[in-house]
1. Please compute the Kirkwood hydrodynamic radius of the chain from all pairs of different C-alpha atoms, in Å with one decimal.
2. How large is ³J(HN,Hα), in whole Hz, for each residue of the stretch 83-92 in order, when computed from phi with the Karplus curve 6.51 cos²θ - 1.76 cosθ + 1.60 and θ = phi - 60°, using x for Gly and Pro?
3. Only Lys, Arg, Asp and Glu count, each charged at its Cβ (+1, +1, -1, -1), so figure out the dipole size of the chain about its Cα centre, rounded to 20 debye.
4. How much of the DSSP beta bridge set in the chain is antiparallel, as a percent to the nearest 5?
5. What full-extension length gain, to one decimal in nm, is calculated for ASN72 and ILE100 as 0.36 nm per residue of separation minus the Cα-Cα distance?
6. Under 5 Å between amide H atoms, partner at least 5 residues away or on a different chain: which partners does GLY108 have, H built in plane at 1.01 Å?
7. Any idea what the relative contact order of the chain is, in percent, if you count C-alpha pairs under 8 Å spaced at least 6 apart?
8. Just want the answer: with Cβ charges of +1 for Lys and Arg and -1 for Asp and Glu, which residue in GLY57, SER28, GLY47 is farthest toward the dipole's positive end in the stretch 17-60?
Amino acid sequence: VQLVESGGGLVQAGGSLRLSCSASTRLSSYTLGWFRQPPGNEREFLGVISWSGGRTGYGDSVKGRFTISRDNAKNTAYLQMNSLKPDDTAVYYCYAARSISSPRDNWGQGTQVTVSS
């Protein structure tokens with residue numbers, strides 16, 4: 001599965017962005033999720049969504065500000081990011097896995113998000 005993230009860019013603190021994660025193949029049977037990697041730091045888990053979209057889970061640092069959704073008809077997952085802070089500056093990656101407990105072995109190339117103060 002080849003994944004492509006898009007929607008990153010420069011935004012002011014307090015603003016919003018929506019990232020997309022798209023594939024040319026069907027994603028409806030995959031669990032999808034998001035990570036980010038700030039400069040000089042380890043990759044951080046942001047959230048995950050089940051194949052149906054019926055279940056989601058989030059990392060503590062973004063809970064209440066970020067929302068994951070998906071549109072299986074478009075083979076796309078989304079990460080809606082609100083109330084952005086400078087600490088949210090990072091490269092954002094999506095992944096696909098066969099299930100929530102399966103290896104995350106399909107990754108996109110990442111998209112840069114920069115939040116200015």
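A short reminder: the numbers here are calculations on the coordinates, not readings from a lab. This is a predicted model, so every value here is computed, not measured. Neighbour counts run over all protein chains shown; Cβ positions are idealised from the backbone, glycine included.
1. 14.0
2. 6, 5, 10, x, 5, 7, 4, 4, 8, 9
3. Details: 12 positive and 8 negative charges, 67 e Å.
My answer is approximately 320 debye.
4. Working: 36 of 40 bridges.
Roughly 90 percent of the beta bridges in the chain run antiparallel, per DSSP.
5. In short, 8.4 nm is gained.
6. Excluding prolines and chain starts, which carry no amide H, the hits are CYS94.
7. Details: 296 pairs, mean separation 42.4, N = 117.
Answer for the chain is 36 percent.
8. Of the candidates, SER28 comes out farthest on the positive side.
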